[in-house]
Every structure is written in structure tokens, then in C-alpha cells.
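Heads up: the structure comes next, in C-alpha cells.
The values are calculated or read from the model by the stated rules, or taken from the named source; none is laboratory data. For clarity, every value in this text was computed on a predicted model and none was experimentally measured. Cβ placement follows ideal geometry from the backbone for every residue including glycine, while neighbour counts extend to all protein chains displayed. Accessible surface areas use protein heavy atoms only, side chains included; no ligands, DNA or RNA. Shrake-Rupley method; radii C 1.70, N 1.55, O 1.52, S 1.80 Å.
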Amino acid sequence: MSTLRSQDSPAKPHLPSLRHRPNINVEDSDMHSHRKNPIASSLDSIHISPRTSMARHSRRASDAAELDDDIQLALLSQQQDEVHDNGVPVHEAVYKKTKSLSVRDRKAMTLLIILYLIQGVPLGLALGSVPFILREHLSYSQLGVFALSNYPYSLKLLWSPIVDSTFFASVGRRKSWIIPMQLIIGSMMLYISRNAERLFEHPADNVHELTFVFTSLVFFSATQDIAVDGWALTLLSQENLSYASTCQTIGLNTGFFASFTVFLALNSDAFARKWGIPPLTMSTYLQFCSFLCFGVTVWLIVFEKEGSESLDESEMTVSTVYKTIWDICRLKHVQALIIMHCFAKIGFQANESVTSLKMIEKGLGREDLAIVVLIDFPFQILGGWLAAKWSSGNKPLRPWIWAFWPRLVFALISTLIVYWFPTPPLSYGFFTFLVIHTVLQGFASTIQFVGISAFHTRISDPLIGGTYMTLLNTFTNLGGTWPKYFVLKGVDYFSEAYCRVKDADTELLVKAAECVSDRGKELCADINGECVTERDGYYYTSAICVAFGVVFFVGYILPTARRLQALPVHRWRINVE
């Protein structure tokens with residue numbers, strides 16, 4: 001996040017840049033970061049990276065930039081991974097306050113929560129509810145194509161320096177991006193709502209259009225997030241700056257769970273019949289969200305004024321920021337850490353990407369899944385607080401390493417649960433076991449998230465803390481994003497399905513591409529056959545992922561993590577001059 005100072009803006013937009021922070025005591029900064037107690041929730045598929053820090057102004061800016069390192073821990077993600085990847089830490093206040101929040105800060109916090117909520121809505125749809133809705137209609141290969149919509153949030157480092165440095169002074173540095181992004185987000189949600197029946201009635205014919213629309217939606221939401229993160233540092237007073245991460249937590253989680261957990265439940269026919277209410281359609285929900293987005297944008301244009309500010313020529317240019325990123329990547333131990341991040345999550349990827357879909361395929365109701373996720377969330381808040389304590393000190397990677405074995409074991413248990421999944425209706429005993437399994441699995445994921453976030457905070461160069469943190473978190477996110485496409489494709493690749501056609505005296509087996517989607521079943525029904533899956537590729541894909549996870553953990557992660565953790569902090573520094 002950027003640390004800003006107010007100035008009179010020039011009459012025309014110009015190309016700003018980054019200023020160096022003043023020198024500070026590195027070790028004190030490290031310990032200061034570690035004594036926070038972040039509280040995280042594991043939204044496994046999503047891990048929401050913080051964005052690049054773009055300015056460093058005076059001693060006051062130095063203090064705010066130290067807070068930026070804390071705010072960088074704000075949200076995860078995949079699964080949640082994508083969303084996540086995926087947890088959301090909440091930091092304790094850094095300053096000892098002797099009085100309550102001012103009216104100005106309360107209004108600023110309300111505005112920030114609403115702005116973060118708007119970006120949480122598309123994330124909850126793209127990373128949460130839409131894949132579950134499409135599961136009945138698409139093959140796993142087609143779901144893998146749709147999973148590409150997760151990428152923009154993991155890659156926003158690539159364009160965050162541009163967002164932070166290019167603006168119209170007459171509009172405002174942050175509003176120059178927030179207003180157009182929210183108008184685009186609202187328009188796209190309105191477009192999807194008007195075409196929901198066409199897009200979702202036969203999604204197999206529209207999978208590429210769906211992927212493009214939701215990828216664009218996530219891209220514009222990520223861009224809005226970059227601007228909102230920066231604006232938070234000037235909206236709030238200096239002594240209450242630490243509340244920015246609280247606003248992010250409340251707003252983004254509210255939007256995400258409204259679009260995922262709440263929408264899945266209200267969209268379920270079984271849930272609607274049980275409670276005597278009409279089901280909530282995708283069209284109605286998106287129309288409401290688009291009007292909310294437009295309303296907030298109009299409020300920003302008419303009533304919310306942004307303080308004028310500009311950037312000095314002495315600050316780092318955008319090109320310098322990219323060069324700094326390249327210099328960081330050239331460090332040998334950073335390269336080892338990047339390799340570790342890019343492959344560390346493969347062992348859990350089949351579990352995080354496919355297991356929930358398989359449970360729904362086996363008969364778990366979408367409303368039941370929503371309840372499981374809802375119960376899991378408060379436990380992850382508690383788990384994140386405990387994990388933060390364990391991750392403090394000089395060995396923050398220790399709990400991250402310890403949690404690897406439980407996560408691999410839970411991935412194996414999840415595969416066995418799918419294999420022996422009972423025929424619905426589910427007993428209370430099995431459902432309770434499912435909830436306990438989900439809570440423990442999420443707890444292990446939260447421990448890993450908090451541990452790696454604490455390690456990133458410890459090693460990040462305080463002179464360029466935001467850039468350093470965002471770079472490392474980008475590769476953490478990619479480690480949970482890039483394998484998802486190949487895992488979903490692998491499920492179909494290893495599956496073997498037949499269309500069994502029975503006559504009076506004979507039985508004919510015709511090889512089918514898959515028997516999971518409605519399309520595959522319809523093709524078989526057209527020749528009066530029954531679609532049968534002889535071999536489910538999920539089990540093979542899960543076994544490969546877990547086996548790779550064990551081998552890679554023992555052979556590379558364990559020795560590499562211990563070696564990197566033992567390096568003195570100064571070995572992670574670069575010369576930004």
C-alpha cells in the first residue's frame with residue numbers, strides 16, 4: 001500500500017512514482033511486525049495479495065509504511081487460492097489510543113467497508129458459487145477453463161504501480177481509478193444478470209464467454225482494490241491507520257460470503273422449499289449488486305471529496321519499481337523461495353479444487369456445503385489468532401512446516417470420504433464428522449498462511465516493504481492458482497466412461513468422453529443408453545498430487561525452508577539505489 005502526503009496537485013495528470021523510505025532499524029522493524037496478532041480465516045482457494053507500495057514520504061510516511069507491512073497480511077485465498085487462497089488476518093491496533101474514534105474516521109471506515117464489499121461480491125461469485133452452479137453442466141476440463149478467471153487477483157502486482165501513479169488531479173488520485181472501475185463492475189454485473197438465463201441454461205456452449213466475463217470482472221475488482229488500498233492511508237487519520245485492515249477484513253469477507261455461502265443457500269431449491277421462500281436467482285442477485293455498485297459510485301462522485309496530492313520528481317519512477325522487482329528476483333535465496341512457493345500447494349490442489357465438487361456430485365446439497373463453510377469461518381478466526389502466536393519469534397516458518405503433514409493427511413482423508421460417501425440423506429453423525437474434518441483442515445491451512453505471511457514480513461526490506469511483500473505473496477498465490485487448471489483437466493483425462501446401451505438380448509458399450517456433466521449424460525441418452533463412469537479420474541489425480549506433495553516436501557521444501565529461515569535478515573536486502 002502507498003503512504004501518501006497531501007499537496008496541491010498540478011493541473012494535469014502526470015506520471016508519479018515511489019520515494020525511498022528513510023533508514024530505520026531493520027531488526028526493530030522485524031520484531032515490531034512479529035508482535036502483531038493477526039487473525040486469519042482460510043478461504044482456501046483465495047489468498048488475496050496486498051498490492052505494491054508506491055510512495056515513501058518523510059518520517060511520518062516511514063511509520064505508515066511499517067503499518068503497510070502489517071496490512072499486507074490482510075487477506076489470503078483458494079481456494080481459496082483463490083481465495084481465495086485463501087485467509088484474512090485482522091491486526092491489533094498499533095497505537096495506544098486515549099480516545100475513541102473521531103467522527104471523520106468512523107465515516108471513513110464505513111466508506112472503506114462498502115468499497116471492499118463491492119470487490120468481494122465478484123470474488124465470491126467467480127471463486128465460490130459459480131463453479132458449484134456450473135458443476136452439473138460442465139466437465140471438469142471445462143471447469144478448468146473457467147478456473148482461469150482466478151488469475152487476475154494473483155497477478156495484480158504487474159499493473160499496481162501504474163494504477164498508483166497515473167491519475168487525473170482534478171478527479172483525485174484514487175477516485176480516478178475507483179469511479180471508472182466500479183462503473184465497469186456494475187455494468188458487467190448488469191450484463192450478466194440480463195444474460196444469466198442464456199449463459200447458465202446451456203453453459204457448455206458458453207464456457208469461454210463465461211470465463212472471459214468473470215475474468216474481466218475479477219480483473220476490474222483487483223484494480224479497484226489497488227486504488228482503495230492506497231486511499232485507505234489518507235482517508236483514516238494517522239493514529240487510526242491500523243483500522244484499514246479491519247475495514248478490508250469486514251468488507252471483503254462480507255461481500256465474498258454473501259456471494260458464496262448466502263447465495264448458494266438461497267439459490268438452492270431444497271432450501272427454498274424448506275423455508276417456504278422463492279429461490280434467489282443469479283439474475284436478481286446481480287441486478288441488486290449492480291445497483292448497489294452504481295449507487296456507491298454516484299455517492300463518491302457527488303459527496304465524497306478526495307484531498308489533492310501529487311508526487312515529487314525525487315520519487316522512484318514506475319520503471320524503477322519494476323527494476324526493483326527484477327533485482328529482488330535475482331537474489332539466489334529468493335529464487336529458492338519462489339520455487340518452493342510455486343510447487344508447495346500441488347499436494348493439496350486436488351483436495352481444494354475438486355473434493356467439494358465431488359461431494360456435491362455424490363449428493364451433498366449446496367445448502368449443506370454452505371452451512372459447513374459458515375460453521376468453519378469462526379473457527380478459522382480463532383485458529384488464526386493461535387497461529388499468529390506460534391509464528392512469532394525468529395522461526396516463523398516452523399508452524400508452516402509443521403502444518404504440511406496434517407494438510408497432506410487431510411487431503412488423503414478427503415479422498416477416502418468421497419470414495420465412501422454415503423447415499424443421501426446424510427445422517428447427523430456423518431454431517432458432524434464432515435464439519436469437524438473441514439474445521440481441522442481449515443485450521444491447518446490457516447497455520448500455514450499465517451506462518452508464511454509472518455516470514456514474508458520478517459524478510460521484506462523495509463525500504464521497499466510493500467513491493468517486496470507483494471512480490472512474495474504473488475508467487476504464493478500463483479502456487480495455488482496455476483495447478484488448478486491442470487488438476488481439473490487431469491480428472492477428465494484419467495476418467496473412463498461408457499454409454500451402456502441395452503437391447504432385448506444384447507448390451508453395447510460405447511466409449512464416452514465423460515459422464516459427469518449434463519451434456520455427457522444427454523449424449524448417451526440420445527442413443528437410449530445409460531452413462532456409466534467405470535474409472536473416476538479424481539482418485540488418480542488426488543493420489544498423484546498427494547504423492548508429489550510428500551516427495552517435494554521431504555526432498556526440497558523441508559531442507560530449503562530450514563536453510564532460508566536460518567539466513568540473517570540482511571541477506572534478503574537489495575540496494576535500491
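Brief remarks on what is shown
- Flag if PHE168 is aromatic (Phe, Trp, Tyr) and outside any helix (DSSP H, G or I): yes
- PHE257 vs. criteria of a type in the set (Phe, Trp, Tyr) and either over 15 Å from the mean Cα position of the chain (by Cα) or crowded, with 23+ Cβ neighbours inside 10 Å (or both): no
- Single condition LYS484 does not satisfy, out of (1) at pLDDT 75 or above; (2) within 20 Å of SER160 (Cβ to Cβ): (2)
- Every condition in (1) surrounded by fewer than 20 Cβ atoms within 10 Å (Cβ to Cβ); (2) farther than 19 Å from MET109 by Cα holds for VAL218 except the one numbered (1).
- Residue check, LYS323 open to solvent by 30 Å² or more (accessible area, probe 1.4 Å), in a helix (DSSP H, G or I) and modelled with pLDDT under 95: yes
- Unique residue being open to solvent by 50 Å² or more (accessible area, probe 1.4 Å) and either assigned to a helix (DSSP H, G or I) or modelled with pLDDT under 75 (or both) when the list is LEU508, LEU558: LEU508
- Tabulated pairs, the stretch 537-555, first under 14 Å from SER353 (Cβ atoms), second part of a helix (DSSP H, G or I) and open to solvent by 80 Å² or more (accessible area, probe 1.4 Å), C-beta under 6 angstrom, 6+ apart or interchain: VAL546/LEU412
- Checking each residue in the stretch 409-459 for being of a type in the set (S, T, N, Q) and under 23 Å from GLN565 (Cβ atoms) picks out SER445, THR446, GLN448, SER453, THR457.
- Summed over the stretch 544-555, the residues that are open to solvent by less than 60 Å² (accessible area, probe 1.4 Å) and either of a type in the set (A, V, I, L, M, F, W, C) or in contact with a Cys (Cβ under 6 Å, 6 or more places away or on another chain) (or both) give a count of 6.
- Of residues in the stretch 141-179 being closer than 22 Å to LEU300 by Cα and of a type in the set (Lys, Arg), the one modelled with the lowest pLDDT: ARG173
- Residue selected from the stretch 123-138 under the condition closer than 22 Å to CYS515 by Cβ and open to solvent by 10 Å² or more (accessible area, probe 1.4 Å), by the criterion modelled with the lowest pLDDT: GLU136
- Residue in the stretch 221-246 that is nearest to SER139 (Cα to Cα), counting only those that are open to solvent by less than 20 Å² (accessible area, probe 1.4 Å) and among the charged types (D, E, K, R): ASP225
- Residue in the stretch 301-317 that is modelled with the highest pLDDT, counting only those that are of a type in the set (A, V, I, L, M) and open to solvent by less than 20 Å² (accessible area, probe 1.4 Å): MET316
- Of the residues ALA265, ALA270, ALA336, ALA350, the single one that is over 24 Å from the mean Cα position of the chain (by Cα) and among the aliphatic types (A, V, I, L, M) is ALA270.
- Residues in the stretch 485-500 that are open to solvent by 20 Å² or more (accessible area, probe 1.4 Å) and of a type outside the set (Ser, Thr, Tyr): PHE486, LYS489, ASP492, PHE494, GLU496, ARG500.
- Helices (runs of 4 or more DSSP H) contained entirely in the stretch 203-270, each with at least 1 residues that are more than 21 Å from THR284 (Cα to Cα): 207-235, 243-257
- Condition check for LEU112: out of contact with any Lys or Arg (no Cβ under 8 Å at 6 or more places or on another chain), in a helix (DSSP H, G or I) and farther than 19 Å from ALA232 by Cα: no
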